[in-house]
Amino acid sequence: MLGQEKQLPPADEKLFNVKEAWPIYDTVIISPEFYGAESQNRGWFLSVSQFAAQPTHSFFKARTEATAGLAYCNKQSADSMDFAYKCNTVGVAFFAPGVRALAQGRTGELAVTNLNTQIAHWWETVLPRHCSLELKVQQDIVLELPSLAASPGYGPQGGGASFEHGQIGYEGGNGSGNADYLPVMNMAVSQGVPQLVNRWSVGQEPIGIPRTATIEAIIRLSEIAQYELQRLSELYHYFFGAVTAAPGTYRFFPARFGIQVSLLGHRLVQQRGQYWS
């Protein structure tokens with residue numbers, strides 16, 4: 001009504017933006033095969049040797065949800081923030097195929113010398129100890145720490161191994177010599193107990209990131225990490241599954257190794273409705 005004062009919300013609620021809990025994540029993948037738009041991703045590699053040739057690897061600056069897919073990245077813009085953000089915790093996940101018996105090649109009978117039962121476990125348990133994490137907002141470095149200190153707070157755990165029937169290339173348990181007795185190795189490792197409270201906290205005050213600002217997380221490989229990865233230049237591209245009808249022939253699945261950096265906090269977005277008249 002004319003002359004009547006408009007009722008305003010309390011001072012602490014006079015906000016142009018509202019806070020929403022929101023993760024931001026990005027992933028580097030090493031795999032012998034990419035599909036669709038994945039082949040356009042900068043910073044993804046076809047082999048471990050290609051990955052190891054670079055001492056630093058960048059996150060949040062090159063990939064988007066459209067190119068990498070929501071499983072690996074949820075940023076809409078590659079070179080800037082989609083919204084203002086307050087970061088509370090940081091985490092880094094190193095993941096590898098849960099089937100540990102990796103083999104080189106695509107089809108055909110494999111000799112036991114082609115098997116590698118250690119690289120996947122090494123990737124998840126040892127490599128994080130020899131990498132560092134750096135987080136930048138614009139030109140400012142706001143965080144530096146060992147990668148293993150920033151537990152992702154999520155991921156699978158557990159597994160087991162059995163060599164009851166021997167490995168491919170040796171006599172089977174029944175003495176037939178058939179190559180259908182596979183070593184059973186299924187394991188899964190997360191860096192630390194997979195609970196969100198174990199992530200690296202930035203402190204009582206969150207890291208404020210303005211809208212349209214550039215952010216970058218950098219994983220740095222130590223010299224020993226680069227050296228050991230280069231020794232694995234003959235990447236065991238595939239892990240094998242069940243035996244097919246043809247003796248000595250296996251179904252192969254492309255192995256994917258990855259590193260995922262994630263931020264947890266709150267994004268500041270415009271209100272979606274009119275809360276005050």
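The values are calculated or read from the model by the stated rules, or taken from the named source; none is laboratory data. Here the structure is a predicted model, which means the values were calculated and not measured. Please note: Cβ atoms are built from the backbone with ideal geometry, for glycine as well, and neighbour counts cover all protein chains shown.
Considering Tyr236, Tyr170, which residue is crowded, with 18+ Cβ neighbours inside 10 Å and modelled with pLDDT under 90? Before you say what the answer is, go through the steps one by one.
Values: Tyr170 fails: crowded, with 18+ Cβ neighbours inside 10 Å.
On inspection, the qualifying residue turns out to be Tyr236.
In the set Gly241, Gly248, Gly258, only one residue is modelled with pLDDT of 55 or more and small (Gly, Ala, Ser); that residue is Gly258. Screening Leu8, Leu2, Leu46, Leu15 for residues that are out of contact with any Leu (no Cβ under 8 Å at 6 or more places or on another chain), surrounded by 14 or more Cβ atoms within 10 Å (Cβ to Cβ) and at pLDDT below 90 leaves exactly one candidate, Leu46. For the stretch 183-227, the set of residues classified as of a type in the set (D, E, K, R), in a loop (DSSP other than H, G, I, E, B) and over 21 Å from the mean Cα position of the chain (by Cα) consists of Glu205, Arg211, listed by residue number.
Selection of the stretch 49-68 for residues being touching a Leu at 6+ places or on another chain (Cβ under 8 Å) and under 21 Å from Pro254 (Cβ atoms) yields Ser49, Phe51, Ala52, His57.
The residue pairs whose first member lies in the stretch 143-159 and is part of a strand (DSSP E or B), whose second member is among the acidic types (Asp, Glu), and whose beta carbons are closer than 8 Å, counting only pairs six or more residues apart or on different chains, are Leu143/Glu134; Glu144/Glu134. Is it fair to say Val137 is more than 18 Å from Gln226 (Cβ to Cβ) and at pLDDT 95 or above? In short, yes. Quick check: anything in the stretch 108-128 under 30 Å from Met187 (Cα atoms), touching a strand residue (DSSP E or B) at 6+ places or on another chain (Cβ under 8 Å), surrounded by 14 or more Cβ atoms within 10 Å (Cβ to Cβ) and at pLDDT 95 or above? For the stretch 108-128, residues under 30 Å from Met187 (Cα atoms), touching a strand residue (DSSP E or B) at 6+ places or on another chain (Cβ under 8 Å), surrounded by 14 or more Cβ atoms within 10 Å (Cβ to Cβ) and at pLDDT 95 or above: present.
Rundown of residues vs (1) over 27 Å from Trp122 (Cα atoms); (2) touching a Cys at 6+ places or on another chain (Cβ under 7 Å); (3) without any contact (Cβ under 8 Å) to a residue 12 or more places away in the chain; (4) in a loop (DSSP other than H, G, I, E, B), yes/no style:
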| position | (1), (2), (3), (4) |
| --- | --- |
| Trp22 | yes, no, no, no |
| Ile29 | no, no, no, no |
| Ser49 | no, no, no, no |
| Ser58 | no, no, no, no |
| Tyr72 | no, no, no, yes |
| Ala78 | yes, no, no, yes |
| Thr89 | no, no, no, no |
| Pro97 | no, no, no, yes |
